[in-house]
Amino acid sequence: MEFHETNGFTKITVTEAHTTEETMTTLTLHNPVFATYAIAASLMILKIMGQGWMTVYRMLKVSSGWATPEDLRPGLINRAPDPAQLELNDYVDRSRRMHRNDLENIPAFLACGLLFVLAQPSLLLAQVLMYGFAATRLVHAVVYATGQPHEVRATFYTIGSVIVIVMALYVLVAAVG
Amino acid sequence: MEFHETNGFTKITVTEAHTTEETMTTLTLHNPVFATYAIAASLMILKIMGQGWMTVYRMLKVSSGWATPEDLRPGLINRAPDPAQLELNDYVDRSRRMHRNDLENIPAFLACGLLFVLAQPSLLLAQVLMYGFAATRLVHAVVYATGQPHEVRATFYTIGSVIVIVMALYVLVAAVG
Amino acid sequence: MEFHETNGFTKITVTEAHTTEETMTTLTLHNPVFATYAIAASLMILKIMGQGWMTVYRMLKVSSGWATPEDLRPGLINRAPDPAQLELNDYVDRSRRMHRNDLENIPAFLACGLLFVLAQPSLLLAQVLMYGFAATRLVHAVVYATGQPHEVRATFYTIGSVIVIVMALYVLVAAVG
């Protein structure tokens, strides 16, 4: 901001730096790029948390695939304990593998997406990449849960992974350049 | 910011947009909502990192539960190698399961908490949810480490998970609406 | 910002609050501390995503270590299915263990690094800790992939872990104090 005084009165010239303006409006829901991130990120957070509940649901449904020895104690959750309940159960373990796959992809997306917003991409690019990632991961979950062929699962994994890599490279180039 | 000139002197009217003011003061430790997040988040980060050290401590204590074949080579860490050291050891694996449970919950909280701050909740709501999450996860760790009944562990897992889900829905509604 | 009127003309005094100035310039790539974080974080995000591709590469190379039963169906990825392909394969599992080790460390760093930037450390401290973390994790990956002795792997794990702990304590002290 600059001020120039002329004659007996004041002429005021306001020239705020571009940078400051940008930063001030970047991380607010009024910024459509940030709102895009907030929507994609909250959906992905719900995906991670929901996967935990899918594991719980499956453990309770088949009363098997328990996580830890003390879960064999009789109680409200486990009324008829049996040592076999600690064995690997594919129905339950599938949900855990889906969860692990989420953890290998989603936290990196969550951190990368915020950096991407701060690197100020176009709204269209942000929407394509972020909604693309979210959609891909949701389809990947359906594909994994229903045991579709490896090629189908790999395709959706690949799209999601490449999106995060593109976003990370975008941030890296913007930060180094 | 607007400037109105009147008569021979200058009348200045400052009317900064509400949005700008909000954003400018959101992500600073002077904002008590952000400070709440910073405290809860740093505690949870210490929890994750500490869990890694609990696994190291337990591996060294029982000299078992090693992670990978080359750990059977004799050295400062392993003076009397034995192939059985690579077998699953519940004392060590319990710490790894606790770590995995952390990874299924805490990174989602860390990303969600920042978005939650930017969605500008009341300080009370932020404190209840964020300190509630941190407290719940710390109690969950004690419950898991000491092998308490499944019902107790499940209760604290549930509270923490529901808190993150509530925060994510809050952000989603604020971003879409 | 304050405005003082004197005589027939206007004297303008600009005294923006320190807080506002800081926040406005913190999360922009023009801030070298934030740029340091953006570089270290995007490298670590690429590390996580790359680890997934190392697992894929190794699975395809040895056609083994498959993740889930349906991967035994014949298809483009698996032309000669064999139940033994689902067994643990150390070459593939090593990449998964590296991935898990990343997940136990990097997401915590990503969240902690952003908080650390907002706690406004010196540029030198930020560079030492953040580039130190990134370098340590990259060396850790090489050490793990090539099966170096436990002592070497443990050293680089320790440095990276201590860096995140130091950053988290820095944030905690700044937020509480």
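When you scan region A:107-128, do you find a residue that is within 20 Å of residue B:96 (Cα to Cα) and at pLDDT 95 or above, even just one?
Looking through region A:107-128, at least one residue is within 20 Å of residue B:96 (Cα to Cα) and at pLDDT 95 or above.
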In this structure, is residue C:153 buried (at least 16 other Cβ atoms within 10 Å of the Cβ), away from chain A (no Cβ under 14 Å), of a type outside the set (A, V, I, L, M, F, W, C) and not in a loop (DSSP other than H, G, I, E, B)?
-> yes
Which one of the conditions (1) assigned to a loop (DSSP other than H, G, I, E, B); (2) among the hydroxyl-bearing types (Ser, Thr, Tyr); (3) open to solvent by 60 Å² or more (accessible area, probe 1.4 Å) does residue A:91 fail to meet, given that it meets all the rest?
-> (1)
Got at least one residue in region A:100-112 being hydrophobic (A, V, I, L, M, F, W, C), in contact (Cβ under 8 Å) with a residue 60 or more places away in the chain, open to solvent by 20 Å² or more (accessible area, probe 1.4 Å) and assigned to a helix (DSSP H, G or I)?
-> no
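Open to solvent by less than 40 Å² (accessible area, probe 1.4 Å), closer than 29 Å to residue B:26 by Cα, away from chain A (no Cβ under 14 Å) and free of Cβ contacts under 8 Å to residues at least 40 places away in the same chain: which single residue out of C:169, C:125, C:129 fits that description?
C:129
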In region C:113-122, residues that are crowded, with 18+ Cβ neighbours inside 10 Å and more than 14 Å from chain A (Cβ to nearest Cβ) total 2
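Out of curiosity, is residue A:104 within 13 Å of chain C (Cβ to nearest Cβ), closer than 19 Å to residue C:42 by Cβ and charged (D, E, K, R)?
Values: within 13 Å of chain C (Cβ to nearest Cβ): yes; closer than 19 Å to residue C:42 by Cβ: yes; charged (D, E, K, R): yes.
Here the answer is yes, as residue A:104 does meet what is asked.
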Is region C:45-54 home to any residue that is in contact (Cβ under 8 Å) with a residue 24 or more places away in the chain, open to solvent by less than 10 Å² (accessible area, probe 1.4 Å) and touching a His at 6+ places or on another chain (Cβ under 7 Å)?
-> yes
Could you give every pair whose Cβ atoms fall below 6 Å, whose first residue belongs to region C:16-43 and is closer than 20 Å to residue C:110 by Cα, and whose second residue is at pLDDT below 70, counting only separations of at least 6 or pairs across chains?
-> C:23/B:24; C:28/A:19; C:28/A:23; C:30/A:19; C:31/C:25
Might you check whether a residue that is on the phi < 0 side of the Ramachandran plot, among the hydroxyl-bearing types (Ser, Thr, Tyr) and within 13 Å of the chain's Cα centre (by Cα) occurs anywhere in region C:117-128?
-> no
Just need a number here: residues in region B:140-150 that are more than 9 Å from chain A (Cβ to nearest Cβ) and open to solvent by less than 60 Å² (accessible area, probe 1.4 Å).
-> 4
Could you grab me the full set of residues in region A:70-94 that are free of Cβ contacts under 8 Å to residues at least 40 places away in the same chain and of a type in the set (D, E, K, R)?
-> A:70, A:71, A:73, A:79, A:82, A:87, A:90, A:93
Scan region A:4-18 and give yes if some residue there is assigned to a helix (DSSP H, G or I) and either at pLDDT below 95 or not basic (Lys, Arg) (or both), otherwise no.
-> yes
Please enumerate the residues belonging to region C:27-81 that are closer than 30 Å to residue A:115 by Cβ and either modelled with pLDDT under 90 or in contact with an Asp or Glu (Cβ under 6 Å, 6 or more places away or on another chain) (or both).
-> C:48, C:51, C:52, C:67
Answer yes or no as to whether residue A:161 is touching a helix residue (DSSP H, G or I) at 6+ places or on another chain (Cβ under 9 Å), at pLDDT 95 or above and under 27 Å from residue A:66 (Cα atoms).
-> no
Of all residues in region B:60-88 being open to solvent by 20 Å² or more (accessible area, probe 1.4 Å) and assigned to a helix (DSSP H, G or I), the one that is nearest to the other protein chains (Cβ to nearest Cβ) | B:69
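The values are calculated or read from the model by the stated rules, or taken from the named source; none is laboratory data. A quick note: this is a predicted structure, and the numbers were derived from the prediction, not measured. When we count neighbours, we look across all protein chains shown, and the Cβ atoms used for this are built from the backbone with ideal geometry, even at glycine. The area values use the complete protein model at the heavy-atom level, side chains included, leaving out ligands, DNA and RNA. Shrake-Rupley method; radii C 1.70, N 1.55, O 1.52, S 1.80 Å.
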